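Below is one structure, written out as structure tokens, with a few remarks after it.
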């Protein structure tokens, strides 16, 4: 009887862990965790004009970022890229091209670790080290920051603000890292888009790591999305341009 009870307990424990793991996966895939972290951040700007901001995280990638840049160049669209310092350091030629073509660069930490585990000095080092890499390649300084997975504490938000950065999240998440079909991504965005939205895509990264994922569906999705949104009268702006429009309308 004792052995049966132990086996039963082991089985129940296994099932419980499996269900918890499954729930976490489903939560990550189908729920946008940025919703619970939006306080004191920029994630949507009320706009009277039909404008949206395309943003990309986790790059640059030597494979996918150039393909995305090709699509944007052909469509004459400027976007904002939130870069990892580690990737920028590894692929400076991609960073240089991106800057030369007039796209905006934001800070996405150095190595994509979740920030809620960091103390104040570690957080500072993540931002400063990334800033140094970007500035050494482009001569530009960044003023926008996006945390990996949108996870930030109130203390961290305050520290980031004091360092001179605006924390930028998003209002629509393409979930392209899940490798959804491009038409599904575009259909989802078209159903929910509003003027002043900030759209989240990725130019690098996979399901479990910030580099190495395939962004084929992302490349196809942004090409189709630009076409469809323009048919609806939308135009595309960078984060800076979006905030400038808001300030202009507030006057």
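The values are calculated or read from the model by the stated rules, or taken from the named source; none is laboratory data. Because the structure is predicted, anything quoted here is derived from the model rather than measured. Every residue, glycine among them, receives a Cβ derived from its backbone with ideal geometry; neighbour counts consider all protein chains shown.
So in the stretch 171-186, with the set limited to residues that are over 20 Å from residue 44 (Cα atoms) and out of contact with any strand residue (DSSP E or B) (no Cβ under 7 Å at 6 or more places or on another chain), which one is modelled with the lowest pLDDT? Filtering the stretch 171-186 for residues that are over 20 Å from residue 44 (Cα atoms) and out of contact with any strand residue (DSSP E or B) (no Cβ under 7 Å at 6 or more places or on another chain), the one modelled with the lowest pLDDT comes out as 179. All of 199, 225 fail the test of being in contact (Cβ under 8 Å) with a residue 40 or more places away in the chain, touching a helix residue (DSSP H, G or I) at 6+ places or on another chain (Cβ under 8 Å), assigned to a helix (DSSP H, G or I) and under 15 Å from residue 51 (Cα atoms), apart from 225. Total residues in the stretch 157-178 satisfying the condition of being free of Cβ contacts under 8 Å to residues at least 60 places away in the same chain, crowded, with 22+ Cβ neighbours inside 10 Å and not in a helix (DSSP H, G or I): the figure is 1.
Out of the residues in the stretch 139-156 that are in contact with a helix residue (DSSP H, G or I) (Cβ under 9 Å, 6 or more places away or on another chain), at pLDDT below 95 and not in a loop (DSSP other than H, G, I, E, B), state the one that is surrounded by the fewest Cβ atoms within 10 Å (Cβ to Cβ). The residue in question is 155.
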